[in-house]
Each structure stands twice: as C-alpha cells, then as structure tokens.
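To start, the structure under review is shown below, and the notes come after it.
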Amino acid sequence: MYSVKTEAVFSSAHNLRGYKGKCEELHGHNWKVEAVVSRAKLDKAGMVLDFKRLKLELNRILEKLDHKYLNGLAYFKKVNPTSENIAGYIYDKLKTRIRDLRAVTVWENNTSCATYEE
C-alpha cells in the first residue's frame, strides 16, 4: 500500500458547548490539517496522487473555515466544533473530491490532534 500526505493550515475561533473548562469560552487556534491518500497501485506516472491536486482540494475546503467563528457555520451550529468533529467534517468534504482518502488529522496545537478515518 502506498500513501501520500499533505499539510495545510487555517485559523479560526470556536467554543465548545457542553464542556466545563477553559474551552467553553471563545478561543482560537492556528489549526494544522493533514490529509492522507492511500492506494495499492500507483498510476502511470508512478504516483498515488499528484500533491498539487491534493493540496488544491484541501485548501478549497479550508478556505471556508479560515478566519471564521466555527460555531456560526451551519454545520457546527448542530455539531460541537471539537477537533474530532472538525476532522470528520473535513474528511467528509474531501472524500467527495479525492478518491481513496484514508484519513484527516487536525492539530489544534503542537501536541494535540484528532484523526478521522473510515
């Protein structure tokens, strides 16, 4: 199995509903997002997927989250904007554009991340 991974970043604010602690208050992150695509066979050029395409599609999704208050977006009005749910949201959007998407990881800081994979 071959895999490629790319990273992108976005900045946003959120607060967690139903959480007792600092994160229930409005705060922001400079999020790092990793997207992994895996395939058993390489294409004719010897690639899983062109990094340029993966980065383009990932950045198209992140543009809608960048410099936003996540709780104010339609999806996150119903779903708590935890790192786990943000990873799932990005995965669901990206899988409609990228075949064989394996996982999306969202880092909220240098030591804490959440991953979604099917």
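Annotations
- Anisotropy class of the chain from Cα gyration tensor, a/c 1.5 cut: prolate
- Shown in residue order for segment 80-97 are the 3J(HN,Hα) couplings computed by the Karplus curve 6.51 cos²θ - 1.76 cosθ + 1.60 at θ = phi - 60°: 4, x, 6, 4, 4, 6, 5, 4, x, 4, 5, 4, 4, 5, 6, 5, 6, 10 Hz (x for Gly and Pro).
- Furthest towards positive pole of dipole, 82, 111, 33, structure part the chain, Cβ charges: 33
- Antiparallel %, DSSP beta bridges [both residues in the chain], to 5: 90 percent
- Helical mean residue ellipticity (222 nm; -39500 (n - 2.57) per DSSP H run of 4+; nearest 500) of the chain: -8000 deg cm²/dmol
- Amide H to amide H distances under 5 Å link residue 6 with 35, where only residues 5 or more positions off or on other chains count and H is placed in the peptide plane.
- Assuming charge only on the beta carbon of Lys and Arg (+1) and of Asp and Glu (-1), the dipole of the chain about its Cα centre is about 340 debye to the nearest 20.
- Evaluating 6.51 cos²θ - 1.76 cosθ + 1.60 at θ = phi - 60° for every residue in segment 34-45, the Karplus couplings come out as 10, 10, 10, 10, 10, 8, 6, 10, 8, 6, 4, 8 Hz, glycine and proline recorded as x.
The numbers here are math on the coordinates, done by the rules we state, and not lab data. Note that the structure is a prediction, hence the values are computed from the model and not measured. A quick note on method: Cβ atoms are made from the backbone with ideal geometry, for glycine too, and the neighbour counts reach across all protein chains shown.
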